[in-house]
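What follows is calculated from the coordinates using simple rules that are stated; it is not laboratory data. This structure is a prediction, so every number in the text was calculated from the model and none was measured. Counting neighbours? That spans all protein chains shown, and the Cβs are built from the backbone with ideal geometry, glycine included.
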Amino acid sequence: MYYPYFRGKQFELITIREIANLLAEKKFIPVIEPVRESLGGLKKTLNSVCEAGGRAIVIVNPYHGDHQDDGANITGLLHEEFRDSNNICAGILLRNGMSVESAIACYDQHIDHHPVLIHAGFTAPKALATELGDGMPNLTNVFIENNANTLYRKHFEGSTRILIRDGFKPRKNAEFAKIPVEEFSELHLTFESDLGMNGFGDFLTVGDVYSDGGGPAYAVAIHLSFIDPDADEVMFINHFVSTTNDTPTDPAGKFAQALEKLIEKLDSGKSHILDTYAVQEFRSLHIKGHFPGLGSVKKLSMKHHIETLAAYFD
């Protein structure tokens, strides 16, 4: 039902590992685009998914990161370590400039891993659908919404269809202070009844904009999603931003400022933020006065997002 899209950085992979049991229990299926040359963390993550009885989709031809020119090592990992596993599917990323012939060749190469087609800029949907022919009912198609409109998606009717929307609007951290709360998405409400999809996904509280690294943070922001029962159960996102944002120093102090704002919002009793395990970890950090690092902050934000959707579908 829910397909969160992760780029395979360290803390994205740790997020999946730490929440693997919940993902499996709710039948949530993470899509992972490996971006780091070393695949040790990915292997560990996929083992955690399998041990929990869950499923995952691994993109074998990434667009971003260290494998964008050659995904052979990812293919090798799937063949060597997960050949007999039905839990791990090969994701074929269909981008602008990719031919139908190349798409089918990649599909055939990974046929043992139940290939999933991920549409992200591909320009020949009709020809591809014709080529897939009678195999359509057994196929899963994942559409990145900005690159696959309604007409595009119609070519793949009869298959399992998943729509991924980027609800996170990227800005510099300091700019989030001007918009402390904004709408994230209503896709969890409309994917089936209004859009005819079998499932939905998003890029969590990170967004689809890929960055290979970043400099020192002038501001620290904590992003926490919530579903608002007073607004037809639409999902919104809170941005808690540090007060100090004019120098690239003292990230621990800036995190403490942002965290203080989060705790004040929680204690107000008017936040609609679910008391997830991730939120409890934020409370613990506040009590201890501990800064776990910006990667861990992002991890907790993603975990909370998944926990929130899991509770909604209970």
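What area, in nm² and to one decimal, does the C-alpha convex hull of the chain cast on average over all directions?
Mean projected area of the Cα convex hull: 16.0 nm².
Taking the Cα centre of the range 2-165 as origin, sum charge times position over the Cβ atoms of Lys and Arg (+1) and Asp and Glu (-1), and report the length of that vector in debye to the nearest 20.
Dipole of the range 2-165, to the nearest 20 debye: 620 debye.
If neighbour count is taken as other Cβ atoms inside 10 Å, put SER159, SER284 in order from fewest to most.
The fewest-first ordering by Cβ neighbours comes to SER284, SER159.
Bin all alpha-carbon pair distances of the range 221-312 at 10 Å intervals from 0 and give each bin's fraction as a whole percent.
16, 52, 26, 6, 0
Report, in deg cm²/dmol and to the nearest 500, the calculated mean residue ellipticity at 222 nm for the chain, where each DSSP H run with n ≥ 4 adds -39500 (n - 2.57) and the sum is divided by the residue count.
My calculation for the chain gives -10500 deg cm²/dmol from helical runs alone.
Cross-link partners among lysines for LYS44, C-alpha distance below 24 Å, same-chain residues fewer than 8 apart left out?
LYS9, LYS26, LYS27, LYS298, LYS299, LYS303
Provide the net charge surrounding GLU186, with neighbours chosen by a C-beta distance below 10 Å and charges set as Lys +1, Arg +1, Asp -1, Glu -1.
Result for the neighbourhood of GLU186: -3.
Of all alpha-carbon pairs in the range 46-108, indicate the percentage at a distance above 20 angstrom.
30 percent
For each pair in LYS261/LYS288; LYS172/LYS254; LYS126/LYS169, compute the distance between the two Cα atoms and list the pairs where it is over 22 Å.
As for pairs spanning more than 22 Å Cα to Cα, those are LYS126/LYS169.
Mind checking the log10 I(q)/I(0) for the range 2-165 at q = 0.10, 0.16 Å⁻¹? Debye, one equal scatterer per Cα, no solvent, two decimals.
Taken in order of the listed q values, log10 I(q)/I(0) reads -0.33, -0.89.
Nothing charged except the Cβ atoms of Lys and Arg (+1) and of Asp and Glu (-1): what's the magnitude of the dipole of the range 221-312 about its Cα centre? Round to the nearest 20 debye.
Charge dipole of the range 221-312: 380 debye, to the nearest 20.
Can you give me the C-alpha center-to-center distance between the range 221-268 and the range 16-67, rounded to a whole angstrom?
If you average the Cα positions of each part, the centres end up 28 Å apart.
Dipole size in debye (nearest 20) for the chain around its Cα centre, Lys and Arg Cβ +1, Asp and Glu Cβ -1?
Using Cβ point charges on Lys, Arg, Asp and Glu, the chain gives about 520 debye.
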